[in-house]
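Below is one structure, written out as structure tokens; the observations come after it.
The values are calculated or read from the model by the stated rules, or taken from the named source; none is laboratory data. This structure is a prediction, so every number in the text was calculated from the model and none was measured. Don't worry about glycine lacking a Cβ; one is built from the backbone with ideal geometry, like all the others, and counts go over all protein chains shown.
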Amino acid sequence: MLLVTTLTVLSLCQLYLPLTGSTDTNTKKNACTRFGDYPLKEHSPDCYENPNVLSSTVKMIRQSGYDVQEHDVVTGDGYKSRIFRIPVRDNDNRKNKQPVVLQHGVLVNSAVWTWAGNRSLAFVLANAGYDVWLANQRDSGYTTHKTYKTSDYNFWSNSLDTVAAYDVPAILNTVALATNKSGSIIYIGHSRGSTVLFMYACEHPEEAQKLLAGFIAIAPIVYLEPVSSIRIISQNGPFLGEFFQTLRTSVFFYPTELTVNFFQILCTNSPYVCLFIVNMVSGRTSQFSPEDLLAYFSIYPGTVSVMQLLHYSQLTNSGNFQKFDYGREENLLRYKQEKPSLYNLSNFKLPTYMFYGKQDVLLKEEGVKKIFQELGSSEKGYFKVPSGTEDDKWQFGHSDFVWSRYVEESFYKDLFKILDKLQAK
């Protein structure tokens, strides 16, 4: 996904962009009702100021009228990540609603749950009385290390296994301690946010059951079945991994500021190129609003570990839900076998509900069914979004869950039915 964007689009954009000139991205007008208005947004009556453009998670929460707390999560291997809480207000008579942890996917951070204004899931949950926690993984830009600097190669050298083993339990235990509600936490993970929870709870099923009341997986990534363009990149993952290792490159899109500035200029001058990127990395969509263009490209693409992308490539090529493949010799040392160990989904016991879209470029319904069949959970289900139509125009892609202009009627109504099931467990 990342490399498709990088190789097929960004190189062309870098050649094309100088021909279009540049735009002052500090102008107050940064949202337009039509894509074609962006190059002339300063002069268009259909453009206006969106305060979420170039804003942090905390700033977006506050300017939307919510209280926010900041908590540090320290992992056993020396990372410290900042996570954010939108607490239930003191005068809210629904204070017994559960804590909900929202975990983001690849190339974004906790801002993915707040950038879309009133329809952002963090705010919709807060309005319903939930105690909302916005998590950040170690490559999200909200993390430091006791030894490594963010400019160090080793800072970013983490597989999905490492995130599952260290970040996930550290976040859940932080929430449990702060709320005194261990066992009633609901975890909602999008994309990679679902992958690492599946990994963690397969390896530590009893611990997961003590902490969590249930798991909601959005666009769940376990068995990848990407479209052909992404599959070609995945098939070359081992070669690309060695290539970037030779270059001592362990992270993409770092430093973040340069990436954000580039995309703000690109999307202002060439909005349809950015719309093409939106369709390419998620799936064909008619649900991305023109007004959201610069806000979304304020948070996307963020930093991502090369090792984690290589891990996803390995999952795609092997067809297995497995640990990172270090090669025969190191596998023997780590796993006591030549091939990486598999995650056994039959060990997974949490109540689990999955939502997927037919336009997803990374997974198909068959992959979701395979997860469902292998899960050891006694309470489980999976649902297509939207549920009320088979019209291709309205089917969700991988990221429509976080940007669709119709997300409330297409997704949230079904999501809240599941949340009601998981209350007070």
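Annotations for the structure displayed:
- For the stretch 377-404, residues that are surrounded by fewer than 17 Cβ atoms within 10 Å (Cβ to Cβ) and either over 15 Å from Met354 (Cβ atoms) or in contact with a Cys (Cβ under 7 Å, 6 or more places away or on another chain) (or both) total 7.
- Scan of the stretch 397-420 for residues that are basic (Lys, Arg) and either under 30 Å from Phe276 (Cα atoms) or in contact with a strand residue (DSSP E or B) (Cβ under 6 Å, 6 or more places away or on another chain) (or both), ordered by number: Arg405, Lys413
- Those residues of the stretch 345-376 which are farther than 17 Å from Ser318 by Cβ, surrounded by fewer than 14 Cβ atoms within 10 Å (Cβ to Cβ) and either without any contact (Cβ under 8 Å) to a residue 24 or more places away in the chain or not hydroxyl-bearing (Ser, Thr, Tyr) (or both), in sequence order: Gln373
- Scoring Ala126 on the criteria (1) in contact with a Pro (Cβ under 9 Å, 6 or more places away or on another chain); (2) part of a loop (DSSP other than H, G, I, E, B) leaves a single failure, condition (2).
- Of the residues in the stretch 411-422, none is at pLDDT 95 or above, surrounded by 18 or more Cβ atoms within 10 Å (Cβ to Cβ) and part of a loop (DSSP other than H, G, I, E, B).
- In the set Gln322, Gln359, Gln337, only one residue is under 25 Å from the mean Cα position of the chain (by Cα) and over 22 Å from Asn236 (Cβ atoms); that residue is Gln359.
- In the stretch 240-253, of all residues being exposed (fewer than 15 other Cβ atoms within 10 Å of the Cβ) and closer than 13 Å to Leu309 by Cβ, the one that is farthest from the chain's Cα centre (by Cα) corresponds to Phe243.
- Taken together, Thr174, Thr162, Thr179 contain a single residue that is farther than 25 Å from Pro87 by Cα, surrounded by fewer than 23 Cβ atoms within 10 Å (Cβ to Cβ) and among the β-branched types (Val, Ile, Thr), which is Thr162.
- Set Phe321, Phe396, Phe372: member being at negative phi, at pLDDT 95 or above and touching a Leu at 6+ places or on another chain (Cβ under 9 Å): Phe321
- Being closer than 24 Å to Tyr142 by Cβ, in contact (Cβ under 8 Å) with a residue 40 or more places away in the chain and aromatic (Phe, Trp, Tyr) holds for only one residue in Tyr223, Tyr254, Tyr272, and it is Tyr254.
- Residue match in the stretch 322-344 (condition: under 25 Å from Leu102 (Cβ atoms) and surrounded by fewer than 17 Cβ atoms within 10 Å (Cβ to Cβ)): no
- Scanning the stretch 202-220 for residues that are touching a residue at least 60 places away in the same chain (Cβ under 8 Å), closer than 18 Å to Glu379 by Cα and in contact with a strand residue (DSSP E or B) (Cβ under 7 Å, 6 or more places away or on another chain) yields Leu212, Ala213, Gly214, Phe215, Ile216, Ala217, Ile218, Pro220.
- When the criteria are applied in full, Glu390 meets the requirement of being over 30 Å from Ala126 (Cα atoms), at pLDDT below 95 and in a loop (DSSP other than H, G, I, E, B).
- Residue among Ala170, Ala164, Ala178, Ala208 that is outside any loop (DSSP other than H, G, I, E, B), over 16 Å from the mean Cα position of the chain (by Cα), within 17 Å of Tyr343 (Cβ to Cβ) and among the small types (Gly, Ala, Ser): Ala208
- Near pairs, Cβ below 7 angstrom, 6+ apart or cross-chain, from the stretch 383-396 (free of Cβ contacts under 8 Å to residues at least 12 places away in the same chain and farther than 20 Å from Asn279 by Cβ) to any residue that is surrounded by 11 or more Cβ atoms within 10 Å (Cβ to Cβ) and not polar (S, T, N, Q): none
- Qualifying residues in the stretch 55-92 (those that are among the acidic types (Asp, Glu) and in a loop (DSSP other than H, G, I, E, B)) - the one surrounded by the most Cβ atoms within 10 Å (Cβ to Cβ): Asp77
- Every residue from the stretch 279-291 that is surrounded by fewer than 22 Cβ atoms within 10 Å (Cβ to Cβ) and assigned to a helix (DSSP H, G or I): Asn279, Met280, Pro290, Glu291
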